[in-house]
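Heads up: the structure comes next, in structure tokens.
The values are calculated or read from the model by the stated rules, or taken from the named source; none is laboratory data. The model shown is predicted, which means the values in this text are computed figures rather than measured ones. Every residue, glycine as well, gets a Cβ built from its backbone with ideal geometry; the counts of neighbours run over all protein chains shown.
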Amino acid sequence: MPKGFSWIIFSIFLCLGICVANYLKIYFVFLYIATLIILISSFLLLRNKVFIVFIYILAFLLGILVSLNQKTLPLNHLKNLKIPVSSKIKVKGIILDYPKIYNEYTDFIFGLQQIINRENSYSINGKILVRVFKKENLFYLDNLILEGKFYLPYYKNYRDYLKGKGIYGILKVGKNDRIIHLEISKKNSLKFWIYKLREKIKELFQSNLSSFSYSIISAVILGDKTKISFPIWDAFLKVGTVHILAISGLHIGIVGFISLLILKILRIPRSLRFLLVIFILIIYCILTGGASSVLRATLMGVILLGAKIFKRDTDIKNSLFLSAIFILIFSPLQIYQISFQLSFLSVLSIILIFPLIKSLFPSFLYKNGLTRFLALNFCVSICSFLGVFPLVAYYFKIVPLVSILANMVIVPYMGLVVGVSFVVIFSKILFPFLLPYIAKSCDLFTQGLFKINSLFLKFPFAYYKISYFPLHWLFLYYAFLILIIFLFSIKTHLLNNC
Amino acid sequence: MLTLQERRVLIFLLFLVIFGLGIDYLRKTNSSLKIHLEDFINIGEEENKFDLNQIDKETLIRLPGIGEKIAKCIIEYRQKYGSFTDIKDLKKIKGIRSSTYEKLKDFLYVK
């Protein structure tokens, strides 16, 4: 995009609008009319210099509108029904995500369609978290009638987390409550086909890997974290490497790279190749459940590949902010979700701070292959730490001091584990006779991952627990960081002009 | 600066988003609510009721019309007077109006 307009400023105004909407008491209709007037004015001022200013005002108003619209629920929405807690209800609906199977219960998000009694049914709206306390074959997109007790999430943080996902209640289905399976409706859709593929991959991992490796690999490849035990999760959290257990840009990058490589070997024309990779990335995003970090990375990938198809300049900053704009317009409350904040902030800090940190090291380090790898790796690791550690301290009350060093080793190593895991999948199709041996290697690499992480955990002062991290410190820190980045960019600009 | 064509595309995209937003808002606000909730829920069964002299603060807060403050007052009342002798004693708690009491009496009992 040429100078004068920036997606960065656009997204900042959009975010401001979303946040301001919390404190505004204004009718949607009035604001909507004002937005339409600004929209028409900006159309009339298409050739004028103030056009850009109008676009930023529109971004701000759009932020408020999407936020107000998200909070406006239909009258027949679950929240408006005000169902008393612990009352027994019978509802009809559809399973909207991959059911998470734990030892004692199964969790899934249920899209409500009707509330039912003996004689009548009434059409209702909304999503509910269902917890089933009995063994039952439940699948994504299943159409069900459920009986159970209605509850509200007790803890405020958990309530807000669920609210961010559009979930306003919990239905507990006990051992004696009935579950009726209705006719299969959407089983021929692409979504269902992807779900079947996911189940096949799961089976493949489960039958060929040890239970420990299966728990890690199904998290990092399929986004299913239900099998990871707490001690393992805690060990990664304390070292500051827990992010590798969530699917992110690293995984999307590997999927994109492998797909591009295969399509290139097959001599597919350039534009078609990029188009196919976009399709593959979208399928992978759905396959993994579309968590915030996956969505962010997939959108960035799609934007970058789209730019290549249309032969436009690619800019990683623009693609990051554009993906944020897409996500926030669709789901503005995501701005308050920890996963969204950490995912965007870590990538943004790497993009913005990297040139500054890189310039601190002598240039000869970047000439030799090994020193270059180590230095660049260290730069990325320190950038990511500087970008997210106050947020981690604020939310999780922990400062993982060893994380810079640990990420330097574990992130590249994780690339290897993810790569080998995809080879396991492809070997099932291309050379199944080699599968047991490749799976054994994958097993070994995964166990190595945990061993390396445990080594870092044994370091003295590996992590520091804090009781409280004030919010104003958080803002002060980021203001200071922005100031340093700003001063550095001015210095670089002046040096380049000289 | 943006080219004229890019400006047109940008405005068109913003128009689509804002237009769609308006449609979505209209759809939501024009839905109707003619439900008699009492016909669809099953409250007041013994298994759903809680003993007012045993119930803890966490469970209290989950009941309709009870927030952190009222729950605290109920617990304090129990500590001060030993126990509730009648469900109607709830009305003595500051913050519990008759409308709240009507909602609560289906969930609580006194042995």
### Message
Condition (residue is more than 30 Å from A:L62 (Cβ to Cβ) and hydrophobic (A, V, I, L, M, F, W, C)) applied to region A:339-348: is it met by at least one residue?
### Response
no
Only unsatisfied item for A:K79, checking (1) of a type in the set (K, R); (2) part of a strand (DSSP E or B); (3) in contact with a Phe, Trp or Tyr (Cβ under 7 Å, 6 or more places away or on another chain), is (2)
Those residues of region A:381-397 which are over 20 Å from the mean Cα position of the chain (by Cα) and either surrounded by fewer than 18 Cβ atoms within 10 Å (Cβ to Cβ) or in a loop (DSSP other than H, G, I, E, B) (or both) amount to A:K397
Practice problem: Return a yes/no flag: does region A:153-161 have any residue that is buried (at least 17 other Cβ atoms within 10 Å of the Cβ) and within 14 Å of chain B (Cβ to nearest Cβ). | Solution: yes
Checking A:V220, A:V255, A:V173, A:V277 in turn, the sole residue that is among the aliphatic types (A, V, I, L, M), touching a strand residue (DSSP E or B) at 6+ places or on another chain (Cβ under 8 Å) and surrounded by 21 or more Cβ atoms within 10 Å (Cβ to Cβ) turns out to be A:V173
Within region A:34-75, the residues that are part of a helix (DSSP H, G or I), within 10 Å of chain B (Cβ to nearest Cβ), loosely packed, with under 14 Cβ neighbours inside 10 Å and within 34 Å of the chain's Cα centre (by Cα) are none
Filtering region A:114-133 down to residues that are surrounded by fewer than 17 Cβ atoms within 10 Å (Cβ to Cβ) and either modelled with pLDDT of 85 or more or β-branched (V, I, T) (or both) yields A:Q114, A:F133
All-but-one check, A:W193 against (1) surrounded by fewer than 16 Cβ atoms within 10 Å (Cβ to Cβ); (2) within 14 Å of another protein chain (Cβ to nearest Cβ), failing number (2)
- prompt: When you look at A:K200, is it under 16 Å from A:T288 (Cα atoms), out of contact with any strand residue (DSSP E or B) (no Cβ under 7 Å at 6 or more places or on another chain), surrounded by fewer than 16 Cβ atoms within 10 Å (Cβ to Cβ) and outside the structural domain of A:Y140 (by TED's automatic domain parsing), yes or no?
  reply: yes
In region A:423-440, anything of a type outside the set (A, V, I, L, M), in contact (Cβ under 8 Å) with a residue 40 or more places away in the chain and crowded, with 19+ Cβ neighbours inside 10 Å is listed as none
Being polar (S, T, N, Q) and surrounded by fewer than 22 Cβ atoms within 10 Å (Cβ to Cβ) narrows A:S343, A:S293, A:S339, A:S323 down to just A:S339
Of the conditions (1) in contact with a helix residue (DSSP H, G or I) (Cβ under 6 Å, 6 or more places away or on another chain); (2) within 8 Å of chain B (Cβ to nearest Cβ); (3) among the small types (G, A, S), the single one that A:S87 does not satisfy is (1)
A:C19 vs (1) under 26 Å from B:Y25 (Cα atoms); (2) outside any loop (DSSP other than H, G, I, E, B); (3) away from chain B (no Cβ under 11 Å); (4) free of Cβ contacts under 8 Å to residues at least 12 places away in the same chain: all pass except (4)
Any residue that is at pLDDT 80 or above, of a type outside the set (G, A, S) and farther than 27 Å from A:P332 by Cβ - is there at least one of those in region A:152-169? no
